[in-house]
Amino acid sequence: MFENRVLVVGDVMLDRHVYGHVRRISPEAPVPVVGLLGQAEAPGGAGNVAAGLAALGCDVALVGLIGPDAEGALLRAALAAKGVAGTELIERPGLVTVSKTRILSEARQQLLRLDRDGDPAACAAFEDDVLAHALPLIADASAVVLADYDKGVVTPRTARATIAECRRLGVPCVVDPKKLDFAPYAGATVVTPNLLEAERALGRPLTDDEEAGRGAAELRAALGTDAMLVTRGPQGMTLASAATVRHVPSRTRDVADVTGAGDTVVAVLAACLGADWPLADACRLANAAAGIAVGRPGAHVVQPGELRAAWEGLSPKILDAAAAAETLAEARRRGRRVVFTNGCFDILHAGHLACLEAAKRLGDLLVVGLNSDASVRGLKGPSRPVIRQDDRAGLLAGLACVDVVVLFDQPTPVELVAALEPDVLVKGGDYTIDAIAGADLVLARGGRVVTVPLVPGLSTTSILGRKAG
């Protein structure tokens with residue numbers, strides 16, 4: 001989607017998610033007992049920004065501080081797994097790698113967070129090392145992100161020096177602020193506080209669009225930035241530039257987890273500005289990306305396919321195979337059962353709905369593999385499909401029982417079943433289990449293959465035949 005080079009400087013962290021089921025309260029204290037199902041590690045903080053940029057196709061350089069500890073090694077591995085190759089992680093004795101451990105129930109409720117923050121003053125002592133690594137990389141970057149989580153890497157001197165070098169070289173600089181005093185961010189291209197951060201910096205509440213616009217303009221003028229972007233959650237975003245103030249409505253539908261939404265915004269902004277997008281368009285794409293991120297559990301790394309779909313106004317349930325695989329892997333780590341079915345669904349009818357609802361009752365998430373237009377033509381002839389693939393996908397995504405829709409071009413969904421690894425595979429009762437594509441893959445993994453009864457007399461072919469008659 002983007003191919004530019006972006007430098008990220010800031011507080012890198014390790015995000016650890018521990019999942020389990022809660023069935024009882026401890027007899028020792030009034031706290032839930034979590035039966036461990038599994039855990040996973042991912043880059044957090046500036047590392048999550050870098051992972052988001054890498055997912056969008058950017059060549060990423062990441063500068064931060066870590067300690068000589070197990071968390072640092074896990075963070076390096078997690079970054080590599082997300083495709084962040086250009087890591088300039090400075091490891092120094094006396095430092096600890098910042099980490100956040102979230103304990104979650106199988107229903108995705110966060111029960112507890114354990115933070116290992118380290119000492120910001122100890123990190124600040126290495127600002128010369130950070131600048132020595134970061135400043136020479138700006139010349140080769142098309143954009144720079146200062147990801148400041150106030151853990152000690154982005155000192156006032158580091159911020160000012162980085163922004164000054166970006167200005168000298170004409171490189172856009174996006175700042176995600178956490179300091180109460182925004183003065184060190186003066187001269188940046190765009191600063192992206194959330195609503196609470198903007199209110200703290202101004203010392204007053206921003207209760208509506210008018211107040212938010214006035215506050216964003218005031219902050220922009222005081223800092224001499226090109227723009228100020230205040231992210232306001234369900235109220236969307238407010239963008240103040242020298243010429244105008246505009247409000248971008250939220251595109252969020254269902255909120256699963258707000259973790260990492262700010263990281264998503266700055267990653268997309270930097271990618272767009274590095275590719276010479278107009279700032280207003282960059283903000284709209286960042287807003288669409290944030291809507292995707294908060295609709296997924298955990299610090300979701302937005303994939304190009306789902307971002308393109310959101311930009312085109314398609315349902316966030318419609319994913320490409322890579323994004324679907326990531327979403328479903330996360331769901332399985334949380335102990336959720338994934339059900340898969342597939343079909344052409346050309347002229348969606350009550351028989352389809354009955355099968356889909358029966359499939360959903362077999363698990364927690366229902367994924368529908370949808371034959372593309374090319375695939376349908378290969379199976380049913382040049383006169384089909386009647387309904388084009390984007391419309392068929394949108395209709396399926398509009399059903400409450402459907403959680404994910406994935407298009408595929410092949411005659412059968414075998415490759416998709418292999419990639420998504422469902423726990424349950426479902427087809428209509430006109431199939432025998434040994435004739436169901438992908439059944440052997442699901443059974444080999446210990447899953448189930450189920451056939452559900454068809455509604456008599458209801459099929460697309462019969463409906464079209466009645467219409468023709």
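Left without a cysteine partner by the 4.7 Å Cβ rule in the chain: 58, 123, 272, 283, 344, 355, 401.
Positive-end ranking of 302, 56, 245 along the dipole of the chain, with charges on Cβ about the Cα centre, is headed by 302. Legend: calculated FRET efficiency, residue 247 to residue 164, from the Cβ-Cβ distance at R0 = 35 Å, rounded to 0.05, equals 0.65.
Using a probe radius of 1.4 angstrom, the carbon and sulfur fraction of the accessible surface of the chain is 53%.
Summing +1 for each Lys or Arg and -1 for each Asp or Glu among the other residues whose beta-carbon sits under 9 angstrom from that of residue 328 gives -1. Each 10 Å bin from 0 upward holds the following percent of the Cα-Cα pairs of the stretch 281-400: 12, 39, 35, 13, 1. Taking a point 7 Å from the Cα of residue 33 along the Cα-to-Cβ direction, none of the residues of the stretch 336-363 has its backbone N closer than 14 Å to it.
Mean silhouette area of the stretch 129-253, derived from the convex hull of its C-alpha atoms and averaged over all directions, reads 8.0 nm².
Mean silhouette area of the stretch 91-145, derived from the convex hull of its C-alpha atoms and averaged over all directions, reads 6.2 nm².
The angle separating the long axis of helix 279-294 from the principal Cα axis of greatest extent in the chain is about 60 degrees. The alpha carbon gyration tensor of the stretch 13-168 gives principal lengths a ≥ b ≥ c with a/c of 1.5 or higher and a/b greater than b/c, which makes the shape prolate. Annotated for the chain: lysine pairs at least 8 residues apart or interchain, Cα distance under 22 Å, count 11.
Counting only alpha carbon atoms, the long axis of helix 350-360 and the longest principal axis of the chain meet at about 60°. Here the simple spin-label model places points 7 Å from the Cα toward Cβ, and for residue 308 and residue 430 these points are separated by 3.2 nm.
Full extension of the chain segment joining residue 108 with residue 70 gains 11.0 nm, where the gain is 0.36 nm per residue of separation less the Cα-Cα distance. In the distance distribution for the chain, Cα-Cα pairs more than 36 Å apart total 36 percent.
Of interest is the spacing of the C-alpha centroids, which for the stretch 365-392 and the stretch 283-354 amounts to 18 Å. The residues of the stretch 188-289 have, on average, 41 Å² of accessible surface per residue, using a 1.4 Å probe with all protein chains present. Could you tell me how many degrees, from 0 to 90 and to the nearest 10, lie between the Cα long axis of helix 261-274 and the main elongation axis, the longest principal axis, of the Cα atoms of the chain? For helix 261-274, the angle is close to 80 degrees.
The values are calculated or read from the model by the stated rules, or taken from the named source; none is laboratory data. Note that this is a predicted model, so its numbers are computed, not measured. Using ideal geometry, Cβ is built from the backbone for each residue, glycine included, and neighbour counts are taken over all protein chains shown. Heavy atoms of the whole protein, side chains included, go into the accessibility calculation; ligands, DNA and RNA do not. Shrake-Rupley method; radii C 1.70, N 1.55, O 1.52, S 1.80 Å.
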